[in-house]
Amino acid sequence: MTLLVSGCQGQLGTDCAVLFAGHHVIGVDLPDFDITNRMLVVNSLDRVRPDIIINCSAYTAVDACETDSNCWKVNADGSKNLAEWATANGAFLVQVSTDYVFAGNKPLFERYSEQDEPAPVSEYGKSKLAGERAVLESGANAAILRTAWLYGASGKNFLKTMLRLAMQNPEKEIRVVNDQFGSPTWSHTLARQIAAVVEAQAAGVFHATSEGCCSWFDLASRFLSLMDVPHRIAPCTTAEYPTPARRPVNSILENAALKKKGINLFESWEMELERFVAQHRADLIAEIKGLLK
């Protein structure tokens, strides 16, 4: 089986490439592989003929998406290019999407299921929803996995930012939003879930996040405590930390479709986080120390 991972240098793409190492894995990313370039995509895929395509490529700078139309080229047009090739050549496509396709205005702590109608409130969410629809409209044999609050050992993420701030100045108070809720999800577990979906050839729309939920403040507090680094942290409201893009207040997803098929691999976010720290604490500390030199 030949498997192509688009966006192989990101945190999820890295984990997918490692997890599928027993197969013929081809990892592609910028600048050599630009999913917005349709001719390049077609020529590249025609050459390697993948059986499976995992699309981890995305423009994820949520605030920048508000003014940068490139997010639509990557998240919508790029996804369409991959989906159309998959349709024409019988490849199975895994499209990674996001909780931001929902407005996030459900009462706390109700969960969004795959049956709920998307209604994004940011350009990022709108562009990712357009990518989903491009995949569905292409007729590709595809699985769309909506995830949220992703963190991992590779690349940049919220947890690494919290660790850098704490290590840079342990006495300085870190203020973190405490009125937005979601399910922190380890990219390694999401990669394992993708592998299970691929093995089952399960097509459709799936929610794929850790079980349970918390606020960004809860997550940062728990992570820094597990990392055992000196820190000061305090909660704040969304109003006290304004951003160009609107964030969903309630990003809690329910993995109903995965559970219905009996292939849901996610456990509680607390347990996943503990495993992540146990496995990567030393490397995370070393990485941040290197950045602070």
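Observations on the model:
- Put the Cα centre of segment 188-220 next to the Cα centre of segment 162-179 and the gap is 27 Å.
- When both bridge partners sit in segment 2-292, DSSP labels roughly 5% of those beta bridges antiparallel.
- Dipole of segment 244-293, positive end: most advanced residue of Ala282, Ile263, Ala245 [Cβ charges, Cα centre]: Ala245
- Candidate lysines for bridging to Lys293, where Cα separation is under 30 Å - those fewer than 8 sequence places away on the same chain excluded: Lys156, Lys160, Lys172
- Top of Leu108, Leu145, Leu136 by mean-square fluctuation, Gaussian network on the chain, Cα under 10 Å: Leu108
- Only Lys, Arg (+1) and Asp, Glu (-1) charged, at Cβ; the chain dipole about Cα centre in debye: 260
- Spatial separation of Cα centroids for segment 226-293 and segment 106-152, in angstrom: 19
- Note on segment 157-231: Kirkwood hydrodynamic radius from all Cα pairs is 14.3 Å, rounded to one decimal.
- Annotation: lysines with alpha-carbon distance below 30 angstrom to Lys261 (same-chain offsets under eight excluded): Lys80, Lys106, Lys126, Lys128.
- For GluC sites (Glu not before Pro), the sites in segment 107-215 that DSSP calls loop and that have at most 15 other Cβ atoms within 10 Å are Glu110, Glu171.
Values in this text are rule-based calculations from the coordinates and carry no lab data. Model, not experiment: these values are computed from the prediction. Backbone-built Cβ (ideal geometry, glycine too); neighbour counts: all protein chains shown.
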